[in-house]
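Notes follow the structure.
Just so you know, all these numbers are worked out from the coordinates, no wet-lab data involved. Please read all numbers here as calculations on a predicted model, not as lab measurements. Positions of Cβ are backbone-derived with ideal geometry, glycine not excepted, and every protein chain shown enters the neighbour counts.
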Amino acid sequence: MKTSWVRQTLARGASFALLVSFIVLVPISANASADPSLPPGFVGAGNPVVVVAASVTPTPPATNTPTQTPTNTPTSTSTQTPTSTATNTPTPPAVANDLCSGAIVVTSVPYTGMESTLAATKDPGDPTPSCGNHSAAKSVWYRFTAPSDGRITADTFGSSYDTLLSVHTGTCAALTAVSGGCNDGNDDARGSQSQVTFSVVGGTTYFFMITAYSGNGGTLVFHLAFAGADPTATRTPILAVTRTPTATPTGRAPRAR
């Protein structure tokens, strides 16, 4: 019996499947009839011969896909610089009557007003007071229209700072100082507060500017009082007595006899 060998070289790591088929064959005899279903040289009679047919199906080797190893990149640690905390200084409240155009209108008398002048400013259009040190710092304004002729008394008694009080007529764009209407309080017994008294004309508007002598401001107390003029007294004319001179009898000389 002739044996044939089949060799299959496989790649490293490959596997194969072996398919084995058993066929019973007999050698061809001289007088045997050929069987077309058998391979050439064999017939269906005689001693069986085992033929091993191997079919090798190679399996492709496994492909190793390289995996990426994660690279840990060190991250920088940020250093926080401490920031200083700002301290907010409270802003003084705005002053509504900081300008002449915003003067507080006094509608009834006697009048008392109180306010803080810490946030008041000096407006470029403010007039220069004619008394004291002429300070126009921290100026605030009031105005009053006299209902009739009379007298006005205004003061800053009770204020917490050294005041200067001046009075004006006209308009905010063209003010005229009132004669006798300026006082800084430092030249008399009033101390650091101010007071003015002056005659007024009915229907005239008077503007009162209060400023800080030392430029600091504080709590302002403002008083205003008005007194109408006394009615004119009607005097009864006194009649002059006209005396008629009496005749003085003239003595006669006695008649001579």
Checklist entry - Considering every pair of different Cα atoms, what Kirkwood radius, in Å, is found for segment 134-178? => result 12.7
Next on the checklist: Please compute the length gained on full extension between residue 122 and residue 205, using 0.36 nm multiplied by the number of residues separating them and subtracting their Cα-Cα distance.
Outcome noted: 27.7 nm
Checklist entry - Once label points are set 7 Å from the Cα along Cα→Cβ at both residue 101 and residue 214, what is their separation, rounded to one decimal in nm? => result 3.4
Checklist entry - Label residue 88 and residue 173 with points 7 Å out from Cα along Cα→Cβ: what is the distance between them in nm? => result 4.0
Checklist entry - Based only on the alpha carbon positions, what is the Kirkwood hydrodynamic radius of segment 100-228, in angstrom? => result 14.3
Checklist outcome for this item: Ranked output for segments 217-224, 139-146 by mean other Cβ atoms within 10 Å, highest leading, reads 139-146, 217-224
